[in-house]
1. If you count the DSSP beta bridges with both ends in the chain, what percent of them are antiparallel, to the nearest 5?
2. Per residue of the chain, what 222 nm ellipticity follows from adding -39500 (n - 2.57) for every DSSP H run with n ≥ 4, rounded to the nearest 500?
3. Highest mean first, what order results for 117-123, 236-242, 555-561, 533-539 on Cβ atoms within 10 Å?
4. For a protection proxy built on the mean count of beta-carbon atoms within 10 angstrom, sort 244-257, 505-518 highest first, please.
5. Write down Rg/Rh for region 128-257, rounded to two decimals, with Rg from the C-alpha atoms and Rh from the Kirkwood relation over Cα pairs.
6. Residue-wise, which Karplus ³J(HN,Hα) couplings in Hz belong to region 237-242, taking 6.51 cos²θ - 1.76 cosθ + 1.60, θ = phi - 60°, and x for glycine or proline?
7. Starting from the Cα of Lys85, draw a straight line to each of the lysines and keep only those under 23 Å, dropping any in the same chain fewer than 8 residues away.
8. Assign one of three labels to region 121-203, namely rounded, prolate or oblate, based on the Cα gyration tensor with a ≥ b ≥ c the square roots of its eigenvalues; rounded applies when a/c is under 1.5, prolate when it is not and a/b is larger than b/c, and oblate otherwise.
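The values are calculated or read from the model by the stated rules, or taken from the named source; none is laboratory data. The structure presented is a predicted model; accordingly, all values stated were derived computationally and were not measured. Don't worry about glycine lacking a Cβ; one is built from the backbone with ideal geometry, like all the others, and counts go over all protein chains shown. Remember, those area values only see protein heavy atoms, side chains included, never the ligands or the DNA or RNA. Shrake-Rupley method; radii C 1.70, N 1.55, O 1.52, S 1.80 Å.
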Amino acid sequence: MCIRDRVSTQSTGEPMAKDMWCVLLTLLAIGMPARAAGQNNVWYPCPVYSYPGTGPPDNFPLPAAHRNLTASCINLTMPLSHFNKSEARTITMFLKRVHAPVTPSQGQIWLLAGGPGCSGAIHEANIAPLLTQMPAFDVLLPDHRGVGRSDPLECLALPPARNLGQMLARLPADGGTSIQSCYSQLAQKWGREGLTYFNTAEAAADVAAGINRTVSLSGPSVFVYGNSYGSYWANRFLTLFPDVATGVAIDGICPPDICKLTDFYDTNSDTAGMGLLNVCTRQSSKCRAALTDTPAVMARYALQMMASNRSTCATKLALPLGPAGLGGIQAALFNMLEGLDTRLLVAPWISRFLRCSDSDVRAFQHFQVTVQAQARWDAQHPLLAGSTQGLALNVALSELDSIMVGGPLSPGLEQARDLGAVFGHAVGVSLGVARASWRAYTPSPEQGYAKFASSATTPLVGVTGTLDQMTSHAWGLHARQQYDNSGQNNRIFSIPYAAHGAALLSPTDSWPGVHCAQQIIVSAWRSKNQAVNVSCLQDLASIDFDGNSQLAKDVATKWFGTADLWD
């Protein structure tokens, strides 16, 4: 999934949308630049940040030396296939290099984006905190092959979306025609065999080749960080190229042997959402009073009322009832789990929906306005908010589909899981349509498929949030067990209360500043995993479920139109 720091996102009021669920499921069209400016294999000046205002928050304690960062970009020519030497075609890999503010450079930090389908621009929020800790390093941000500015597999037939789950949820009821049209369009350009090379192993080889061609510009040390699908990508890189990097870090861990697309958007999100509600009722008297000691029961009751056409609040707000309305609520609650700010809304939102007083109706109407404004912000920032859906489908339906790992559920069970979730995009049924409409490739175990990089000598460090709504904490613990059993110098740390992408979602009491998970990663890199400083875990900021902090009041004002989260 494409993740950005939702706390720093700015939105302004817009005329009220008639239907917030419709807005959530129909963002404005997102366009991606087909190719960055510049001749292939020649560096050219480019902005550090892709859009104005997408750097660090204004209150981030940025050292003086970092206030005038510069960057260069390049379009590197890569083989269409690094492994099939008879394939003569080439592709372009876009790469941005943010120059070290302290010279001479001691090395490189590569940031691998998630999705699959997200641009490297999604990691621009990591630049300032990383260079605050490692100022003598260049930061390199590639676009995965087939994504953004790297020969994107774009499909006009598919609905625009922030992530693959959202796109699947929005698919028209055309029996898969739009997906078939997308595949045919891309196959006409690249050929069926050519499309099979838009995979994780080839993308890992792109990174290795990119390091080999650029490391002379920096010092000898090379660190690689991957989040979400980027962690899957980083593991493949480490599996295939076990001694190229100095250190590798994975965050929002997508284990190579069990990572499944449907779990991203349904099972894991529902588990994390219920976990958040349980923490809320344990720590907040307001939350406990509103949702009792059994918040999961209350949340499921609210959605059952919606699904069975008996929701008073849905009637007052003229929302669609039945499964259509249910899907809108599931998606709205799913989206709230993303940010440090928006997850404060989850429990009050459910409470307000059950109570539905006149003030609650006004709060939901204001919520509609803000959702529309957020959709417009997303449309104006496609590299951050958009996903290249052709690449996303190609990888997800081949390497991250339950048909490849453990077998798919039956359509009836998929639908039952969709209807039973509180948080999610309910992608099960749509995924079945997509699966039948796309010609998936068969990933190769010889190219590292389904394997942990457990024999690599390069030390690996991982962080996994206990409230990760995409790649669950259970997945992180599974990966820890696999790496612990390897006998190598690998470490994976749990980050209490962190959501997906802990490096930007684990603030300490000294915030604003560097998040705890990123402090742990940098400490591991500096010490080669020998003396990792985890003291920041004792200083993690608590979640203000009661709504007393300025952040909570600002969030309530932005989304509900009142400074009180609960009333």
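1. 40
2. Calculated at 222 nm, the ellipticity per residue is -11500 deg cm²/dmol.
3. Peptide ranking by packing, descending: 117-123, 236-242, 555-561, 533-539.
4. So the order, starting with the most tightly packed, is 244-257, 505-518.
5. Looking at region 128-257, the ratio lands at 1.03.
6. Each residue's phi maps through the Karplus curve to give 4, 5, 5, 7, 10, x Hz.
7. Partners found: Lys189.
8. Here region 121-203 falls in the oblate category.
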